[in-house]
Each structure stands twice: as C-alpha cells, then as structure tokens.
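Novice: First the structure, then my questions, so here it is.
The values are calculated or read from the model by the stated rules, or taken from the named source; none is laboratory data. Here the structure is a predicted model, which is why all the values come from computation and not from measurement. Reconstructed Cβ throughout: ideal geometry from the backbone, glycine too, with neighbour counts over all protein chains shown. What goes into the accessible areas is simple: the full protein's heavy atoms, side chains included, and nothing from ligands, DNA or RNA. Shrake-Rupley method; radii C 1.70, N 1.55, O 1.52, S 1.80 Å.
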Amino acid sequence: CALMIRLAEEHGALILALEHRFYGKSIPTADLSTESLKFLSSRQALADVAKFHSTISQQFALQPGTKWISFGGSYPGMLAAWCRSKLPGLFHAAISSSAPVVAVPNMQGYNDVVADDLADATVGGSAECLATVKEAFASLGESLQSTAGRRELENKFNICGSMPLENEENQAVFAQAASDPFIPQSNDPSCAGKICNIQKQCKFMLSSEFTISPLDKLAALVRIAFGKECMVCDAGADKRSLTNTTKQGGTERVWLFQTCTEFAFYQTCDPDSRCPFTTSPHLTSLQSYYDMCQLAFGISGSEVETSVQASNAFYGGDKPPGASRILFVNGQVDPWHVQSVLKSNDADELPALMVPGASHHFWTHPPKPSDAPAIVAARLRIAEWVQHFLLETDGDVGLGTVA
C-alpha cells in the first residue's frame, strides 16, 4: 500500500505487515486438507493480529496509548475494518479500501456493475458497447446449444483439445474465460495493452474496420488476451486442483475454503440479472459454485448460506454495531463496491468515500503522472481522515466530519 507508506513517513510511524495464515509462506499445517483448513478463518486471522499486536508492542516497547491504524484493500481491507470494530482496544482507526464487508451467496451485483461500466462514457464505455458485448455473448450461448455451433466456437476461439465443448462443464469454463477480459475491477485508464481497459475493449468491439459479427469481434478480442496460447477449457483439471491437498498444488483451495465457510461472494450470471455475459444456457449459476464447495470440502449449499448469515451476524455487515473511526473507500468502477459501506452514518463515525472512475483500491497503488484527478483527490482525502483520526482520543468519537 504505497499510500500507507507515504502517510507513515509523514507521521513518523512504524510500518508493520502481517501475512495471513495459509497464504504465502505462513502455512501452519502439513497440508491443505479440509481437516487442516479448519484453522483458516477471518476470526482466526483477527486472533493472530491480536497476538501480533501484543508481541510487537513488547518487542518495540510501545506505550499503551500508541495509536495503531490498520490499512488494507479487498479482503485485507475487510480485515482492516474488523481490526477496529472487533479489536477497538488495540486499533485506534482503520482505512478500509474496496472491502466487501457484507457477505452474500449470490453476488449478482458484481456483473450488474460490469454492465454499468461497459455503458459508462466517463471510463470509455457506451450504451452501444454494452449492447454489442451482450449480443456477442448471446450468440456465444446460442452456438453452444448445437453441435455445429460448438465446433465453430472451438475454432474461432482457438480452444485446446478435441471437441472439449461437448462437455457441459467445459462449456462453463469457456464462457467464464471468454468474459474474463471484461472484468473491470483492475481497470487502468493508462494501461498500454491493446485491450487492457474498458475504453480500449469498447473501441475494439465497436470498430468498423472489419465488418464482422459481434461474436467474431469477441473471438478476436479473446485471442489477443490469450496471446499465442490456445484456450484451455478443462473442467476436469480444475476439479483436480480443487481436490489437491498438497501445499504445492492446493493453493486454489485456500480462498475457496473461506468463500465456502464465511463469505461466498459468488459472481453469477443469472437470466434475471443485468449480467452482460452468457445467461442462456445458464452456466454460471449459484449451484455451480455450491458444487465446488461440495467437491472440494464436502460443504453443501445450505451450509454455505448458514455460514454467510453467521459472518454477517458476527461482523455486522455494512452496519457494524458500535464501530467508529473506520474510513470505507470504494471505486465507482469496481464491482466489489456493491458489498461495501457506501454511505457515511449520521455521526460520521464510519465515513465513506466513493472515488469516481476508480477500480479496485486503485488509490493505494504507487502514484503515476497519469493518475486521474479523482485518484489524487482521494489520496488527499484519506490523508485528511488519517490526520483527523490521530487527533481524536477514545472520548472524541463522533466529533464530526473532516472539513
């Protein structure tokens, strides 16, 4: 987090970073079996943070009144917020960027925001772009439903293997892979690639240079995204990775386990949503995600839903009870913002900042000359809130907003 480092330098602060258990090198068990992963949860991570706080305080002889501020983006942003709300005696404040603190099984809102982004002129989208993308994926869905159409898709999209789309699970992998270039959570207006952001993708899909169908344009775009490599659509390989319990080969199980046992966040493409991708056949369904939980860990869909309810009850969702001094920052273009805190509460104890045109915690990245004015302004606003929080004491909660 480049912004955190700069603010620490300004305030003469100590910078500390803690690796989450089961990520990176911090694996406390011999394998990644379901039995071992029972020690993986956000609640356990907060317990680790509390222990870390105690250890560091002793190691550096920090005084009891030392003000700790937690920073994080995405899942670490969730943890940053919960460090303050669940450990208020240890953390003075939190800056929580792009943090989806409201768990949800069916996250239809994710692809609804993708549709909004493709139509948003401020980031290079348009209504025509959205309509063209939807038409391309509707044609893709139609082609999947006939033998001749599947052969055509395998050829157009340079799919590896012999007739892989005869397998319905491979069709789901293909539909997801074809939509991946359009995921705007990492949208960077100044990126250099030919189709690397919304503006360039829409320009490609609307190009009149070649009089070809939207499906053909989509295929050409996907070929650029995959480069010279053919597209692998092998659901069997994906299943094997989800059931591989070794430390070396089972890393994809880790976050999946947390979704199955705490948060879900399953990004579906349902017929009754505004998802711009393939909705018929209905391949990216909530059940398809529940099937992964069942396969990998023996966890049923009903158990996932119970766990989501328990997470929201424990953390409070977008209204954490009694919480204060947490700044929630979100990007307008980032589809994850639908599960975050988007409005400040009445006392401004939980202020919220929406950054126009910004993708997933983009303001935390190292500054560049090409950064949009909204990104620069967001960094300044965050710095103001950090200053405000540092001036407060525990008796000052709710004194008001930053001027």
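Novice: Which one of these is modelled with pLDDT of 95 or more and more than 27 Å from Pro281 (Cα to Cα): Cys196, Cys233, Cys202? Spell out the reasoning first.
Specialist: Details: Cys233 fails: more than 27 Å from Pro281 (Cα to Cα); Cys202 fails: more than 27 Å from Pro281 (Cα to Cα).
It is Cys196.
Novice: Which residues, taken from the stretch 113-158, are over 23 Å from Cys202 (Cα atoms) and without any contact (Cβ under 8 Å) to a residue 24 or more places away in the chain?
Specialist: Ser146, Thr147, Ala148, Gly149, Arg150, Arg151, Glu152, Glu154, Asn155
Novice: Follow-up. Examine the stretch 270-280 for a residue that is more than 30 Å from Ala136 (Cα to Cα) and within 20 Å of the chain's Cα centre (by Cα), and state whether such a residue exists.
Specialist: Filtering the stretch 270-280 down to residues more than 30 Å from Ala136 (Cα to Cα) leaves none.
Within the stretch 270-280, none of the residues are more than 30 Å from Ala136 (Cα to Cα) and within 20 Å of the chain's Cα centre (by Cα).
Novice: Looking at (1) without any contact (Cβ under 8 Å) to a residue 40 or more places away in the chain; (2) open to solvent by less than 30 Å² (accessible area, probe 1.4 Å); (3) farther than 25 Å from Thr261 by Cα; (4) under 25 Å from the mean Cα position of the chain (by Cα), which is the one condition that is false for Ile5?
Specialist: (2)
Novice: What strands (runs of 3 or more DSSP E), lying completely within the stretch 14-118, carry at least 1 residues that are touching a Phe, Trp or Tyr at 6+ places or on another chain (Cβ under 9 Å), open to solvent by 10 Å² or more (accessible area, probe 1.4 Å) and among the aliphatic types (A, V, I, L, M)?
Specialist: Values: elements: 69-73, 93-97, 104-106.
Output list reads 69-73, 104-106.
Novice: Here are the criteria: (1) under 30 Å from His361 (Cα atoms); (2) in a loop (DSSP other than H, G, I, E, B); (3) in contact (Cβ under 8 Å) with a residue 60 or more places away in the chain. Tell me which single one Gly161 does not satisfy.
Specialist: (1)
Novice: Ok, one more. Can you tell me which residues in the stretch 87-108 are over 24 Å from Leu3 (Cβ atoms) and out of contact with any helix residue (DSSP H, G or I) (no Cβ under 8 Å at 6 or more places or on another chain)?
Specialist: Gly89, Gln108
Novice: Within the stretch 293-302, is even one residue open to solvent by 70 Å² or more (accessible area, probe 1.4 Å) and without any contact (Cβ under 8 Å) to a residue 40 or more places away in the chain? Break it down stepwise before answering.
Specialist: Within the stretch 293-302, the first condition is being open to solvent by 70 Å² or more (accessible area, probe 1.4 Å), and the residues that meet it are 294-295, 302.
Retained after the next criterion (residues that are without any contact (Cβ under 8 Å) to a residue 40 or more places away in the chain): 294, 302.
Yes; the residues of the stretch 293-302 include at least one that is open to solvent by 70 Å² or more (accessible area, probe 1.4 Å) and without any contact (Cβ under 8 Å) to a residue 40 or more places away in the chain.
Novice: In the stretch 27-74, how many are under 21 Å from Ala99 (Cβ atoms), free of Cβ contacts under 8 Å to residues at least 60 places away in the same chain and out of contact with any strand residue (DSSP E or B) (no Cβ under 9 Å at 6 or more places or on another chain)?
Specialist: The qualifying residues number 8.
Novice: Condition first: open to solvent by 30 Å² or more (accessible area, probe 1.4 Å), closer than 27 Å to Gln332 by Cβ and part of a helix (DSSP H, G or I). Now tell me which residues in the stretch 164-213 satisfy that.
Specialist: Gln176, Asp180, Gln185, Ser186, Gln199, Lys200, Lys203, Phe204
Novice: Follow-up. Out of the stretch 214-231, which residues are open to solvent by 40 Å² or more (accessible area, probe 1.4 Å) and part of a helix (DSSP H, G or I)? Walk me through it before giving the result.
Specialist: The first filter runs over the stretch 214-231 and keeps only residues open to solvent by 40 Å² or more (accessible area, probe 1.4 Å), leaving 216, 223-230.
Scanning the stretch 214-231 gives Asp216, Arg223, Ile224, Ala225, Phe226.
Novice: Scan the stretch 313-341 for residues that are in a helix (DSSP H, G or I), over 25 Å from His365 (Cβ atoms) and either touching a Leu at 6+ places or on another chain (Cβ under 7 Å) or open to solvent by 40 Å² or more (accessible area, probe 1.4 Å) (or both) and report the count. First the steps, then the outcome.
Specialist: From the stretch 313-341, those in a helix (DSSP H, G or I) are 313-315, 335-339; that's our starting set.
Then keep just the ones that are over 25 Å from His365 (Cβ atoms); that gives 313-315.
Now drop any that are not either touching a Leu at 6+ places or on another chain (Cβ under 7 Å) or open to solvent by 40 Å² or more (accessible area, probe 1.4 Å) (or both), which leaves 313-314.
Matching residues across the stretch 313-341 total 2.
Novice: What number of residues within the stretch 274-291 are aliphatic (A, V, I, L, M) and crowded, with 21+ Cβ neighbours inside 10 Å?
Specialist: In the first step, residues of the stretch 274-291 are kept if they are aliphatic (A, V, I, L, M); the result is 283, 286.
Going one step further and asking which of them are crowded, with 21+ Cβ neighbours inside 10 Å, we end up with 283.
The total comes to 1.
Novice: Just a yes or no: is a residue in the stretch 202-221 in contact with a Gly (Cβ under 9 Å, 6 or more places away or on another chain) and within 24 Å of Ala119 (Cβ to Cβ)? Before you say what the answer is, go through the steps one by one.
Specialist: Residues of the stretch 202-221 in contact with a Gly (Cβ under 9 Å, 6 or more places away or on another chain): 202-203.
Then drop every residue that is not within 24 Å of Ala119 (Cβ to Cβ), which leaves 202-203.
Yes; the residues of the stretch 202-221 include at least one that is in contact with a Gly (Cβ under 9 Å, 6 or more places away or on another chain) and within 24 Å of Ala119 (Cβ to Cβ).
Novice: Same structure, new question: Which of the residues that make up the stretch 240-263 are in a helix (DSSP H, G or I), over 18 Å from Glu303 (Cα atoms) and out of contact with any helix residue (DSSP H, G or I) (no Cβ under 6 Å at 6 or more places or on another chain)?
Specialist: Within the stretch 240-263, the subset in a helix (DSSP H, G or I) is 240-242, 252-263.
Those still in the list that are over 18 Å from Glu303 (Cα atoms) too: 240-242, 252.
Of everything in the stretch 240-263, just one residue is in a helix (DSSP H, G or I), over 18 Å from Glu303 (Cα atoms) and out of contact with any helix residue (DSSP H, G or I) (no Cβ under 6 Å at 6 or more places or on another chain), namely Arg240.
Novice: Within the stretch 344-355, how many residues are more than 14 Å from Ser97 (Cα to Cα) and within 20 Å of the chain's Cα centre (by Cα)? Spell out the reasoning first.
Specialist: Filtering the stretch 344-355 for residues more than 14 Å from Ser97 (Cα to Cα) gives 344-349.
Checking which are within 20 Å of the chain's Cα centre (by Cα) leaves us with none.
Looking only at that region, the number is 0.
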